[in-house]
Amino acid sequence: MVFAHGLTAWLLAAGGLLCLPVGLTGCGGGTAGSAQTPLTESPQPPVSLTADAGRERVTLNWSNVPMATSFTIYYGTAPGVSRSSTKIADAHSIYVLRNLLNGTRYYFAVAAVGAAGEGALSAEVSASPSATPPQPAPVSIRAEAENQQVRLSWEPGFLATSDPTNYTVYYGTTLPLSKTTALKAAASASPWAQSGLTNGTTYYFAVTASTLNGESALSFQVAATPVASPPPAAPTGVSATEGNGAVTLRWNAAAGASTYNLYYGTEFGVGKASGIKVADVSSAFTLNALANNTAYFLAVTAVGPGGESVESAQVAATPRASTPVPAMVSIPAGSFQMGDNVADPSASAPYAMPVHSVSLSAFSMARYETSYAQWRAVLDWAMLNGYVFDSLGRNGALQLGTHMPVTQISWYDAVKWLNARSEMEGRSPVYFTDASHSTVYRSGNLDLNNAAVAWQANGYRLPTEAEWEYAARGGLIGQLYPWGNDLDASRANYDRGTSTSIGSYPPNGYGLYDMAGNVWEWTWDRDSPNYGLDATGVTNPQGPATGLLRVRRGGSYVYGERYLRNFDKMFRSANYAGPYFGFRAASSQP
């Protein structure tokens, strides 16, 4: 096996840079997974960068840079972003900047950071947040050369809505591509074959998504050269299984392939231009000497007489010393001071004031956020037993990876799923359609009140807001975070740009993982304008009797350090479901 870093030609393109491989430099022989030669110079900038406008936010997506350990975002409201502009350090793609002004154009550039320091800035891109934003640009663009045509494939962009969407393919033989000068074709869906091309000519492609709100920015740009005898098709059926410091990949054989190459990295969007290469591999192949609790993104290509194929669909896995096993953790009875205990008024959270005393009976809480695998196991049973859900769930943020938390779950679906899990495991369900407790809640979006809950049943339920905060504090008194008073990126996923496998960060004092960061967690409670005033001295408070919204806790991978504190929270409509919304189970049975 041979390891190599892609050497690249950097070409300025509309909305970013396009990287085309021009050669490979070997790192020396060795076994799979051996350590890479340390870089002695700063890393190159990301070759591609897109900025997608949202409501009071902009989502940045950039390509992987080999050996980069993190990235720095620079931005401002005028062109000419530089290192003196506002910056966000230790960022990772995909990154969402929030609390921006609708109607204001923002400009962005990104620099990669490696062992030798920070590299040059990327090309600048811009976006203007809007109350009615278009779809985000498609991601994971692939261009597969065939005889007189190129077959394109893509996936919806991060935070894409379910609105009816049309796609447009822009293409040409020169750079940069732009919407005004490139040829274009309407594409109904992925995959899409652009025919009528000339063999031996290199074509460049980008894709946009359009809804009634308008057209997205151009996607990352890719290139392909049609030939009469094309390379093999990209491998299919690629899967990744994590081990202790290792990932094992398997894939289906590609017709005409004599060998395969592997590309991998620690940022979303890995490929030939941006990944670390392991040449001449075969299925099943184990990549060793990887860092545990670090997510790796991987793709495979097929090599034959016609050359090297386009990359396979990307997969991801997180090496682990041991597999996380779902379990309930007993939380002891006790009293605590609930709410914002920050001494500095400028950093206070008015929605968590005043601080008030709460007492709780013993209960239990899930050690981990509900994983996608656990969600699906119960969901499959539930749908055969009278349950109806609005969402089938999502495997983490990107539909990639192992042991990811389930996301894109509304409050209603979380509650129904907990009832289904209770029934599947022979426990008593907790939620009913009304106060008579005669009909188990299995379908519809019902605005349940406190009386519809069998609070003493031994089944699963959402934690109350008080239970969640008490459990998050992990036995610590008056501390800001589940681990103490100091913000610590090694203790929580709040800046990775995507969800991480459950349990990738250290637990708190009660043995609970990811109580800060990763994905938001639904609680039972409604929002209240009288927070604390009607709960002081109360034992086992169940939250307000009325309210339009439900409370979510814990922060997430796309909110930075905001909302990580034990008392922080946000309010959302119960039918809201995003790729950073999850939940964990609680039970009145200790």
Suppose every Lys and Arg Cβ carries +1 and every Asp and Glu Cβ carries -1, with no other charges. What dipole size does region 459-590 come out with about its Cα centre, to the nearest 20 debye? 260
Of the accessible area of region 280-329, computed with a 1.4 Å probe and all protein chains kept, carbon and sulfur make up a percent value of 50
Cα convex hull volume per residue for region 92-238, in Å³, equals 166
Stokes-Einstein D (µm²/s) once Rh is taken as the Kirkwood radius of the chain over alpha-carbon pairs, at 10 °C in 1.306 mPa s: 63
Among 276-286, 510-520, the order from most to least packed when residues are scored by Cβ within 10 Å on average: 510-520, 276-286
Accessible-area composition of region 140-253, carbon plus sulfur, in percent [1.4 Å probe]: 49
From the residues Ser48, Gly478, Val96, which one has its Cα farthest along the dipole of the chain in the positive direction, the dipole being from +1 and -1 charges on Cβ of Lys/Arg and Asp/Glu about the Cα centre? Ser48
Which values of log₁₀ I(q)/I(0), to two decimal places, follow from the Debye formula for region 370-420 at q = 0.26, 0.28, 0.31 Å⁻¹ with a uniform point scatterer at every Cα? -0.97, -1.09, -1.25
Charge dipole magnitude, Cβ of K and R +1, D and E -1 - the chain, Cα centre, debye nearest 20: 300
Mean accessible area per residue over the chain (1.4 angstrom probe, all protein chains present, square angstrom) is 38
Show me the three semi-axes of the equivalent ellipsoid for region 510-590, from the C-alpha gyration tensor (sqrt of 5 times each eigenvalue), largest first, rounded to whole Å. 21, 16, 13
Which whole-number percentage describes the relative contact order of region 265-315, with Cα contacts under 8 Å and a sequence gap of 6 or more? 41
Please report, to one decimal in angstroms, the Kirkwood hydrodynamic radius of region 278-391 built from all distinct Cα-Cα pairs. 20.5
Volume per residue, Å³, of the convex hull around the alpha-carbon atoms of region 540-585? 104
Cα Rg, Dmax, region 167-318, angstrom units: 17.4, 51
How far apart, in nm, are two points set 7 Å out from the Cα along the Cα-to-Cβ line at Ala193 and at Asn244? 4.9
Diffusion coefficient, µm² s⁻¹, Stokes-Einstein with Kirkwood Rh over alpha-carbon pairs of region 404-468 at 20 °C and 1.002 mPa s: 176
Once the dipole of region 168-298 is set up from charges on Cβ (+1 Lys and Arg, -1 Asp and Glu), the residue from the list Gly214, Thr286, Asn199 lying farthest towards its positive end is Asn199
Given H placed 1.01 Å from N in the peptide plane, which residues other than close sequence neighbours of Ala187 have an amide H under 5 Å from its amide H? Tyr167, Thr168, Val169
Which angle between 0 and 90 degrees, to the nearest 10, do you get for helix 372-383 versus the longest principal axis of the chain when only C-alpha atoms count? 70
Report, to the nearest whole %, how much of the accessible area of region 491-590 belongs to carbon and sulfur atoms, 1.4 Å probe, protein only. 51
Å³ per residue of the Cα convex hull, for region 485-526? 110
Cα atoms only: what Rg and Dmax, in Å, come out for region 439-519? 16.1, 47
So for the chain, averaging the separation of alpha carbon pairs under 8 Å that are six or more residues apart and normalising by length, what relative contact order in percent results? 12
For Asp447 and Ser82, what does the FRET efficiency come to when R0 = 45 Å and r is the distance between their Cβ atoms, rounded to the nearest 0.05? 0.30
Any number yet on Rg/Rh for region 378-521, C-alpha, Kirkwood? 1.01
For region 172-241, report the translational diffusion coefficient in µm²/s to the nearest whole number, using Stokes-Einstein at 4 °C, 1.567 mPa s, and a Kirkwood Rh over Cα pairs. 89
Hey, which aspartates and glutamates would be in cross-link range of Lys184, C-alpha to C-alpha under 17 Å, not counting anything within fewer than 8 residues on its own chain? Glu215
Based only on the alpha carbon positions, what is the Kirkwood hydrodynamic radius of region 235-327, in angstrom? 13.4
Using only Cα atoms and rounding to the nearest 10 degrees, what angle (0 to 90) does helix 411-424 make with the longest principal axis of the chain? 80
Segments 234-246, 130-142 sorted - mean Cβ within 10 Å per residue, highest first: 130-142, 234-246
Quote the relative contact order of region 315-471 in percent (integer), defining contacts as alpha-carbon pairs under 8 Å separated by 6+ residues. 20
Using the alpha carbon gyration tensor of region 39-165, what are the three equivalent-ellipsoid semi-axes (square root of 5 times each eigenvalue), largest first, in whole Å? 25, 23, 11
Based on the Cα gyration tensor of region 90-142, what are the three equivalent ellipsoid semi-axes, each the root of five times an eigenvalue, rounded to whole Å and given largest first? 25, 15, 11
Sorted by mean Cβ packing within 10 Å, highest first, what order do the peptides 477-484, 324-331, 49-56 take? 49-56, 477-484, 324-331
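The values are calculated or read from the model by the stated rules, or taken from the named source; none is laboratory data. The model shown is predicted, which means the values in this text are computed figures rather than measured ones. Using ideal geometry, Cβ is built from the backbone for each residue, glycine included, and neighbour counts are taken over all protein chains shown. What goes into the accessible areas is simple: the full protein's heavy atoms, side chains included, and nothing from ligands, DNA or RNA. Shrake-Rupley method; radii C 1.70, N 1.55, O 1.52, S 1.80 Å.
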